[in-house]
Amino acid sequence: MERPQAVPPAQPVTRAPMGPSGASWSGVAPLLVDLLLVGLDGAIVFYLRFSSGGHLGDRIGAGHYLGFLGIYALLVGVFCQNQGLYRAERTFGPLDESFSVLNAVFFATLFLITFIYLSGDKSISRLVVGFTGVLTAVTLPAWRFWKREIDKQRVMNGQDGRNVLIVGAKEVGQALARYFDENKYLGYVVKGFLDRDPSGDPRFLGSVGELPRLALTHFVDEIFITTPSDRELVADVVLEARRRHLAVNVVPEMFDGLGLWVPVRQIGGFPVMQLFREPIPGFGLFVKRAVDVLGAAAGLVLLAPLLALLAVAIKLDSSGPAIYSSCRVGKKGYRFRCYKLRTMVANADAQKDGLRNLNEREGPFFKMENDPRLTRIGGFLRRYSFDELPQLWNVFRGDMSLVGPRPHPLDDYERYQIEHLRRLDVKPGITGLWQVYARRDPSFERNLSLDLEYIENWSLWLDTKILLKTLPAALAGSGR
């Protein structure tokens, strides 16, 4: 799909400090999952060992075992940390990661058995400890393999991943791109190459001078430079990337001081120096996603009776389905089916182009105060934002968040200028700053400025304030 080619804004473009969705699954989450699984493994082994014949309490003190199980879980966590398994950046292959987990579990189990032996505690069964270690050695690699496959599928479907531009389309750049393409679990999506001279690769996008435009149109997160000997080019890329908060990595050779104190890390067989990276609030994003899942799940359960009543009212009011779905554009241009309670006649989308000249919004966003396509109950649903409730399912699925910029329909997205793409740096939301502060403001630029204010100043506290202000704003009946 071709978008209008607008001139990039003269002012530096600020990208989301929130980072990619993948960052929300930071090192904190794997640690918590590991601790939970170790606890479950120990409980299962304890139950199987002591449940036959009589009550557990008659045979062994469960509380005594619980203490040792807690120590064991912490030991597993410590040894996994020492193996580098909780780093936010994934550099392990699947076999290497499994081996590191087995290594950590082995030493944690050996350490606990040795501690029990030296302490002289005869009440703890070495058999229970041993079988807990064996079960843990199965479950910890298994869940990591499962999550790796889920991540790979999300990257392949365009839902996740870090979008990459490679500076240099020669042998090293091509090899790096092939490695990323063949190892989707790393989460890197190569959007194309930049170079001084055109190459025959179909993913060649242009010269480094076009970086400002290409970074926006391809929702770029990181840049990999494979021609570090061109020091002037590297300096230009780093300067432009800093303005846009893009991570910059270099596949090094002789580098003349720019990376003198920069550590070298391995991505596959490629040594990489990271010259700049915007800090990502991984724990905050993890909490945000947890709140989204729990809030959406609770909302769907609690509001199910209301949704059922509204669905019946919609069906009685007009012909057509109670739930309306349409293609919307989310983070980094990812397309998904967005769900709402139907507020218009069944063929409303077919009539939209004929009403474009009556649009009351400024810019690509379409909205009318007295839309002739609205049903009788549709106006009521929109006034109090009841039509947005099914989007809790989108939040639960991960397409949206509770708080964020509103997702626009595909036909509105196709009318974006390049600078408008900045609002797609984060997941769209059910509510946001625009919904609570400028609900009836017709200006798309005002909408955009509030979206960017949210993106650039995001915090958990800001999300909390927006959520607390959304309910009064919705109950005031100011929607349309």
Subject >> Residue list for segment 420-448, filter: within 21 Å of the chain's Cα centre (by Cα) and farther than 22 Å from Ala474 by Cα >> reply: His420, Leu421, Arg422, Arg423, Leu424, Asp425, Val426
**OP:** Check whether at least one residue in segment 382-403 is buried (at least 18 other Cβ atoms within 10 Å of the Cβ) and more than 22 Å from Val301 (Cα to Cα), and report yes or no.
**Re:** no
Original post:
So which of Leu186, Leu216 ends up being buried (at least 19 other Cβ atoms within 10 Å of the Cβ) and either acidic (Asp, Glu) or modelled with pLDDT under 85 (or both)?
Top reply: Leu186
Subject >> Residue ID - nearest to the chain's Cα centre (by Cα), chosen from residues in segment 167-204 that are among the aliphatic types (A, V, I, L, M) and either outside any strand (DSSP E or B) or over 25 Å from Pro94 (Cα atoms) (or both) >> reply: Leu186
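Determine whether segment 296-317 contains at least one residue that is under 26 Å from Thr464 (Cβ atoms) and touching an Asp or Glu at 6+ places or on another chain (Cβ under 6 Å). Let's see the steps before the verdict.
Residues of segment 296-317 under 26 Å from Thr464 (Cβ atoms): 296-304, 306-307.
The next check asks that each one be touching an Asp or Glu at 6+ places or on another chain (Cβ under 6 Å); those that pass are none.
So far as segment 296-317 goes, no, none of its residues is under 26 Å from Thr464 (Cβ atoms) and touching an Asp or Glu at 6+ places or on another chain (Cβ under 6 Å).
Does Thr136 qualify as being in a helix (DSSP H, G or I), touching a residue at least 24 places away in the same chain (Cβ under 8 Å), touching an Asp or Glu at 6+ places or on another chain (Cβ under 8 Å) and among the hydroxyl-bearing types (Ser, Thr, Tyr)? Reasoning before the result, please.
Working: in a helix (DSSP H, G or I): yes; touching a residue at least 24 places away in the same chain (Cβ under 8 Å): yes; touching an Asp or Glu at 6+ places or on another chain (Cβ under 8 Å): yes; among the hydroxyl-bearing types (Ser, Thr, Tyr): yes.
Judged against the criteria, Thr136 is a match.
Would you pick out the residues in segment 378-393 that are outside any loop (DSSP other than H, G, I, E, B), touching a Lys or Arg at 6+ places or on another chain (Cβ under 9 Å) and not charged (D, E, K, R)? Give the derivation first.
Initial filter on segment 378-393 (outside any loop (DSSP other than H, G, I, E, B)): 378-383, 386-388, 391-393.
If we keep only those that are touching a Lys or Arg at 6+ places or on another chain (Cβ under 9 Å) as well, we get 378-379, 381-383, 387-388, 391.
Hits for segment 378-393 are Gly378, Gly379, Leu381, Gln391.
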Original post:
Just a yes or no: is a residue in segment 44-54 out of contact with any helix residue (DSSP H, G or I) (no Cβ under 8 Å at 6 or more places or on another chain), more than 17 Å from Val128 (Cα to Cα), of a type outside the set (Lys, Arg) and modelled with pLDDT of 85 or more?
Top reply: no
Subject >> Those residues of segment 421-439 which are of a type outside the set (A, V, I, L, M) and closer than 17 Å to Glu388 by Cα, in sequence order >> reply: Lys427, Pro428, Gly429, Thr431, Gly432, Trp434, Gln435, Arg439
Original post:
How many residues does segment 224-250 hold that are aliphatic (A, V, I, L, M), touching a Phe, Trp or Tyr at 6+ places or on another chain (Cβ under 9 Å) and buried (at least 21 other Cβ atoms within 10 Å of the Cβ)?
Top reply: 5
**OP:** Being over 21 Å from the mean Cα position of the chain (by Cα), part of a loop (DSSP other than H, G, I, E, B) and not polar (S, T, N, Q) is the filter here, so list the residues in segment 402-419 that pass it.
**Re:** Glu414, Arg415, Tyr416
Original post:
Which residues, counting only those in segment 130-155, are in contact with a helix residue (DSSP H, G or I) (Cβ under 6 Å, 6 or more places away or on another chain) and more than 21 Å from Leu95 (Cα to Cα)?
Top reply: Phe131, Thr132
Original post:
Does any residue in segment 329-355 that is without any contact (Cβ under 8 Å) to a residue 12 or more places away in the chain and of a type in the set (A, V, I, L, M) come within less than 8 Å, Cβ to Cβ, of a residue that is surrounded by 14 or more Cβ atoms within 10 Å (Cβ to Cβ) and part of a helix (DSSP H, G or I) six or more places away or on a different chain, and which pairs are these?
Top reply: none
Original post:
Hey, among Arg126, Arg178, Arg148, Arg162, which residue is free of Cβ contacts under 8 Å to residues at least 12 places away in the same chain and either within 30 Å of Asp425 (Cβ to Cβ) or not small (Gly, Ala, Ser) (or both)?
Top reply: Arg178
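The values are calculated or read from the model by the stated rules, or taken from the named source; none is laboratory data. Source: prediction; values computed, not measured. Because the Cβ atoms are built from the backbone with ideal geometry, glycine has one as well, and the counts that use them run over all protein chains shown.
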